[in-house]
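Let me begin by presenting the structure, written as structure tokens, before commenting on it.
What follows draws every value from the coordinates through simple rules; no lab data is involved. If you're wondering where the values come from, they're calculated on a predicted model, not measured in any experiment. Reconstructed Cβ throughout: ideal geometry from the backbone, glycine too, with neighbour counts over all protein chains shown.
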Amino acid sequence: MRTLLGMSLLALICAGSGCGVIGPASARQVAERFSDAVERPTDANFADHLTADAVVYLQGPARLSAAAFHNYLLEAQRGHTYFHRASQVYVTPAGAGWMVEILKDQPGQVDTTTAAAEQAPLWMEATIQDGRISRAWMHPTVETLKALHQPAETYAAKAAADQLPLPPAWRDGTPAMLAAARAAEPEEAHAPTVFSGEPFLLPLLGLGAVVVRLLLARRRPAPTAPARGTLLLELSSRRQLARKGPRGSSPP
């Protein structure tokens, strides 16, 4: 019984905290928090978002560690340059992806309008493992390459050689790429998370407290018998009284 109650309590705690479960909706949340950290690197702890051996590729094969990427963002911020998420986060087979624009001033809030997303020059994608990002990379859009007078096919061949996959429909332009990203999202990416907020926390804690009380009640030791020395003293006293008999009389 104690084992069953303990397992029930553990299941409740895991359900409330979402431990061990990284689904599409969770992947989106991980990517959103990471993109916010990229935009505001001064206030961010990248150890909370990236694995210890994570690598980030910025618009090419330049390979940055998590610490080097953080320092890069801090240097960019000193020059008043920010990497701003310009679209919603799309769930991808490996993790998540989103549009990025480079701003000279930090915006007050994320703009997720379609026009801003289609005009953004960069696509960023991340591989997510166990709730953290293990690999991230950026690609310029076809429109950006055209403005820079760079052939899209040449860039695509180099990206393939560097093992940095392009998003589906990338060659067809940003509107088609975003449409493909929306269409490729799994159905569960849009489903609400059952245990995802504070409204469920208090009932779970209350139920957990009841389970703990039951466990403690079952483990409470039963009253112990008097010590053997105490029993012997009591038995000796009773024998002495029996020998004396009634008050004033003496034993025969």
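Under 5 Å between amide H atoms, partner at least 5 residues away or on a different chain: which partners does A54 have, H built in plane at 1.01 Å?
A66
For the residues W98, W123, W170, what sequence is obtained by ranking on other C-beta atoms within 10 Å, fewest first?
W170, W123, W98
Which whole-Hz couplings ³J(HN,Hα) result when phi for each residue of the range 150-158 is put into the Karplus expression 6.51 cos²θ - 1.76 cosθ + 1.60, θ = phi - 60°, listed in order with x for Gly and Pro?
Coupling constants for the range 150-158: 10, x, 5, 5, 5, 5, 4, 5, 5 Hz.
For I102, I128, what's the fewest-to-most ordering of other Cβ within 10 Å of each Cβ?
I102, I128
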